[in-house]
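**Q** Before I ask anything, here is the structure I am working with.
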Amino acid sequence: RGEPVIIFIDELDSLLGVYSSEVGGEVRVRNQFLKEMDGLLDKSAKWFIYVIGATNKPWVLDWAFIRRFQRRIFVPLPDFQTRLAMFKMYTKHLKLADDVDLEKLAEMTEGFTGSDIRDICQSAQLCVVRELFESGKALDKSAQPRPITMEDFMNVIKKRKPSVTPEMVRAYIIWNEKFRAS
């Protein structure tokens, strides 16, 4: 009673979503969770418990559960500055060639999610590691992968599409407009 507690539930829809092919177990879990949330929201107690949930499918959440969240926050796709910061963060421990232009990469990845950007950086790194193994040089303990070049990033981006479409983004915006609580 006094120390704050944060409970974070990722993929909330998998626990509290409403699906057409439910069996009794899912309904019981959801009902028990709603009951527990009501207990947390009891204003007579001085609890410092905060429940935060994340979902990519807010429209499948149980309506009763949505009402119990005092705030609902839409997190938009990262803007240019955020994408640039992500590229810097995900590449800070990588060996980059001098020709790598993180600002250009941030420009080119408009519409990409944060996890898409992480995947791009990991895929570029894997390209040079794979090259080291395919050349047979990996058997030499002193061998190191070459620096990652802008071309490596470009090759990954050519093959990679954003994991969300403009239609999906519009669906999130519409849901947010309808159920916003911030």
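**Q** Quick one: among Y50, Y90, Y172, which has the greatest mean-square fluctuation in a GNM of the chain with alpha-carbon springs under 10 angstrom?
**A** Y50
**Q** Could you provide, to the nearest whole Å², the per residue accessible area of the chain with probe 1.4 Å?
**A** Working: 12410 Å² over 182 residues.
I get 68 Å² per residue for this part.
**Q** Could I ask something else about it? Running a GNM on the chain with Cα contacts under 10 Å, which residue among D140, D119, D152 ends up with the highest mean-square fluctuation?
**A** So, out of D140, D119, D152, the one fluctuating most is D140.
**Q** OK, next. Mean Kyte-Doolittle of at least -1.0 and a Cα length of 18 Å or more along the axis: which whole DSSP H helices of the chain meet both? Don't jump to the answer; show the numbers that get you there.
**A** Values: long enough: 24-40 (24 Å, -0.64); 114-134 (30 Å, 0.12); 166-179 (20 Å, -0.21).
Those that clear 18 Å and a mean of -1.0 are 24-40, 114-134, 166-179.
**Q** Please provide three numbers in whole Å: the alpha-carbon extents of segment 48-138 along the principal axes, with the largest listed first.
**A** So the three principal-axis extents are 59, 28, 28 Å.
**Q** Ok, one more. So, in Å, what gap is there between the alpha-carbon centers of segment 112-137 and segment 57-71?
**A** 38 Å
**Q** Counting only Cα, what are the radius of gyration and maximum Cα-Cα distance Dmax of segment 130-182, in Å?
**A** Spelled out, the Cα radius of gyration and Dmax of segment 130-182 are 21.2, 60 Å.
**Q** Any idea what the dipole of the chain comes to, in debye rounded to 20, about its Cα centre with Lys/Arg Cβ at +1 and Asp/Glu Cβ at -1? Display every interim value, and only then the final one.
**A** Numbers: 28 positive and 26 negative charges, 107 e Å.
Here the size comes out at about 520 debye.
**Q** Top mean-square fluctuation among L15, L94, L139, Gaussian network model of the chain, C-alpha springs under 10 Å?
**A** L139
**Q** Ok, one more. Along the positive direction of the dipole of the chain (beta-carbon charges: Lys, Arg +1; Asp, Glu -1; about the Cα centre), which of V5, I117, L77 reaches farthest?
**A** V5
**Q** Another question, then. Across segment 86-139, what fraction of all alpha-carbon pairs, as a whole percent, falls in each successive 5 Å bin from zero upward?
**A** With 5 Å bins starting at 0, P(r) equals 4, 17, 28, 22, 15, 8, 5, 1, 0.
**Q** Let me ask another. Quick one: what Rg and Dmax do you get for segment 75-182 from the alpha carbons, in Å?
**A** 17.1, 60
**Q** Accessible area of the chain with a 1.4 Å probe: how many percent of it is carbon plus sulfur?
**A** Details: 6910 of 12410 Å².
Using a 1.4 Å probe with all protein chains present, the chain comes out at 56 percent carbon and sulfur.
**Q** Related question: For the chain, evaluate the Debye formula with one uniform point scatterer on each Cα (no solvent term) and list log10 I(q)/I(0) at q = 0.11 Å⁻¹, rounded to two decimals.
**A** One equal scatterer on each Cα of the chain leads to -0.70.
**Q** Check which residues have an amide H placed less than 5 Å from V51's amide H, if you skip close sequence neighbours.
**A** Residues meeting the criterion, in which the H sits 1.01 Å from N, are I7.
The values are calculated or read from the model by the stated rules, or taken from the named source; none is laboratory data. Keep in mind that what you see is a predicted model, and the values were worked out from it rather than measured. A quick note on method: Cβ atoms are made from the backbone with ideal geometry, for glycine too, and the neighbour counts reach across all protein chains shown. Surface areas here come from the heavy atoms of the whole protein model, side chains and all, with no ligands, DNA or RNA. Shrake-Rupley method; radii C 1.70, N 1.55, O 1.52, S 1.80 Å.
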